[in-house]
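A quick write-up on the structure given underneath.
The values are calculated or read from the model by the stated rules, or taken from the named source; none is laboratory data. Please read these numbers as outputs of a predicted model, since none were measured by experiment. Note that we place each Cβ from the backbone using ideal geometry, even for glycine, and neighbour counts take in every protein chain shown. With ligands, DNA and RNA removed, areas are computed over all heavy atoms of the protein, side chains included. Shrake-Rupley method; radii C 1.70, N 1.55, O 1.52, S 1.80 Å.
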Amino acid sequence: MLEQGQFWRNRELRAHVAVVEGNLAPTIVFKNSTYLNVFMKTWLQANIWIYKDRIIYVGDRMPEETEGTEIIDCTGQYLVPGYIEPHAHPFIVYNPEELAYHAATYGTTTLINDNMRLLSLFDKKKAFAIINDLHQLPISMFWWGRYDSQSMLRDEDTKFNTNDILTWMSHPAVVQGGELTSWPQLLAGDDRLLYWIQETKRLKKRVEGHFPGASEKTLTKLKLLGASADHEAMSGKEAIRRLQLGYHVALRYSSIRPDLPKILDELLAENVDAYDQMMLTTDGSTPAFTKRGLMNICIEIALEKGVPLAEAYRMATYNIAKYYGMDELLGSIAPGRLAHINILYEKNDPTPLSVMAKGKWILKDGVETEREDRMNWKKHDIKEASFNWELNDDDLQFSIPIGLKMVNDVIMKPYAVDIDITTDYLPKDSPDAFLLFIDRYGKWRVNTVISGFTKELGALCSTFSTTDDIILIGKKKSDMKLAWSRMKEIGGGIVLAHEGTIIYELPLKLEGAMYEGNMETLIDRETKCKQMLIESGYEFNDPIYNLLFLSSTHLPYIRVTQQGIVDVMKHETIVPANMR
């Protein structure tokens, strides 16, 4: 695996030198190029030679041998390194392959990916086989290694044990541990977690934090325990605090936290001009949020806010590569680097005209090239979700007087339920709806009420969730049964039912968790889902993330989990799950 520690073989390296010596023709030459030299932070003129997947030469010369070489005159155009997304969640309804190609079309040619879905759905052997196949893409794919489930599983120790964690950390495709959502347990004395972090550092890999709202004291303690970076700054002040303590800081522009413009305004107001430890990220945004791209949009915002041109591009290229110790492979246009190159119309327009990844065209003169290969998901026995059990009337009995009140898309507070929830339907125009969280394998269930999700929708059924269990939300039990039945028929996904009719469905044919289809279609379908939910009374902006985070215990204050209804702040189960 090239990017994953083994680099090029001796015969390949000799061939690269032979290109420079004039004994072998390069595959592509960018002639008369104006390119961003990220080391000098300036634009230089050069001819750039590519041989297969590697940049061979950057300078004044043209090759002596050009038989079979594609020579492209770049007069009047500008070349920058392919962009790097340092914090991707490649399973937000989309699948990793589709996200990778969509990102690359807009210039992001490297993704550093969350492994959570691989952990939750597959054993190590299958997960590593999938990683190996994704490595064959022209887009560079690296991974995190999670330390915790971000929820409260019934079998947490089965999935998160020392042997498995260290196997993941030792894998050459894994470049960091985290994100560290279980930091409260670390501070409370979890020495097993501390050992995992120490081993990660011993392997010379980074540890990504997840420290929203953390004080200077907390950030200091977590730095002492091994945290390398954090992406949770929500203001310029919080970013400065992290930078002063030696953190690398990813500034975020995501569907649930589009803070980048505000943070940059506040940093520039404080005359901050040291950008070397800053990165940019879209942090796993929903499909529609990525319609115009990923890192190109972050760079565009940075330029609009007044970040110097070279610094804005470095925050999405070289700074990230250097942070991960991959700066001799990625993040620059220089001899020896992978041929990830974006060609721009203008220096200040980061959305590219053409994109090259590992020496292959992803986009050429504004036209997407045909993909050579596609992931064979069936090869890995990844298929539609199936359920060999039925939802029954007992599963739809609600009586617990504690509900979840939405404060925003992702934060929930407990509230006392003061309406009769023992009926077959709840009144319209009330914010209260039935909430059933039920085991993927039909072994347990959690019944409660949620306030703020809908005022009139009959039912939503979703297999998209943090733990891959099933969420049913709705006003009417008969519609909940209907949505459940249709979800089973389509092999998993998101289904809306109302007044006895299926009004929307999004099949997630890859284990009920991921869409198998192109990103453009998914964006349209997700947009429609969001619109329908908002029209039915969803009170906020991002229902996809609401579904994802219903069982995520890294957010306050109350959650539904496999163990039951949980008080996150006390890490206690308020109401245990019922066995079926």
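A few remarks follow.
- Radius 13 Å from Cβ of Thr282, net charge of other residues (Lys, Arg +1; Asp, Glu -1): -1
- Within-10-Å neighbourhood charge of Gly500 [Cβ basis; K, R +1; D, E -1]: -1
- Antiparallel DSSP beta bridges within the chain, as percent of all bridges there, nearest 5: 70
- With all protein chains in place and ligands, DNA and RNA left out, the 1.4 Å accessible area ranks Asp259, Asp381 as Asp381, Asp259, largest first.
- Backbone amide hydrogens, once placed in the peptide plane, bring Ile503 within less than 5 Å of Leu496, Ala497, His498, excluding anything fewer than 5 places away on its chain.
- Estimated translational D of the stretch 342-448 in µm²/s (Stokes, Kirkwood radius over Cα pairs; 37 °C; 0.692 mPa s): 166
- Gain in span if fully extended, Ser170 to Met234, counting 0.36 nm per residue against the direct Cα distance: 19.8 nm
- Placing a label point 7 Å from the Cα of Glu70 along the Cα-to-Cβ line, the residues of the stretch 21-56 whose backbone N sits under 12 Å from it are 27-30, 50-53.
- Rounded to the nearest 10 square angstrom, Met279 shows an accessible area of 10 square angstrom against a 1.4 Å probe.
- Scanning residues 5 or more positions from His87 or on other chains, those with amide H under 5 Å from its amide H are Ile112, Thr282, Asp283, with H placed 1.01 Å from N in the peptide plane.
- Cα pair distances of the stretch 393-579 binned at 10 Å [whole percent]: 10, 41, 39, 10, 1
- Of all DSSP beta bridges in the stretch 48-117, antiparallel share, percent nearest 5: 50
- Cβ-based net charge around Trp43, under 15 Å, with every Lys or Arg adding one and every Asp or Glu removing one: 0
- Cα centroid separation - the stretch 40-67 against the stretch 445-477, whole Å: 56
- Accessible surface for the stretch 383-445, divided over its residues, is 53 Å² per residue with a 1.4 Å probe.
- Extension gain, Thr158 back to Asn392 (0.36 nm per residue minus Cα-Cα distance, nm): 81.3 nm
- The listed residues Lys358, Lys476, Lys378, Lys52 rank as Lys378, Lys52, Lys476, Lys358 when sorted by accessible area, largest first, using a 1.4 Å probe.
- Solvent exposure of the stretch 150-264 as accessible area per residue, Å², 1.4 Å probe: 40
- Relative packing of peptides 214-221, 85-92 - highest average C-beta neighbours within 10 Å first: 85-92, 214-221
- Amide H contacts of Leu24 (H built 1.01 Å from N, in plane; Pro and chain starts excluded): Val19 sit under 5 Å, all sequence-distant by 5 or more or on other chains.
- Three-way shape call for the stretch 397-451 based on the alpha-carbon gyration tensor, with the a/c threshold at 1.5: oblate
- Packing, taken as the mean count of other beta carbons within 10 Å per residue, orders the peptides 571-580, 193-202 from highest to lowest as 193-202, 571-580.
- Where Cα atoms sit under 27 Å apart: lysine pairs in the stretch 265-376 separated by 8 or more or lying on different chains: 13
- Among the listed pairs Lys475/Lys530; Lys159/Lys379; Lys52/Lys124, a Cα-Cα separation exceeding 28 Å is found for Lys52/Lys124.
- Relative contact order (%) - the stretch 1-140, alpha-carbon pairs under 8 angstrom, separation at least six: 20
- Selection of GluC sites (Glu not before Pro), the stretch 39-132, meeting DSSP coil and at most 16 other Cβ within 10 Å: Glu64, Glu65, Glu67
- Protection proxy ranking for 445-452, 26-33, using the average of other Cβ atoms within 10 Å per residue and placing the highest first: 445-452, 26-33.
- Heavy-atom surface analysis with a 1.4 Å probe gives the chain a carbon and sulfur content of 48 percent of its accessible area.
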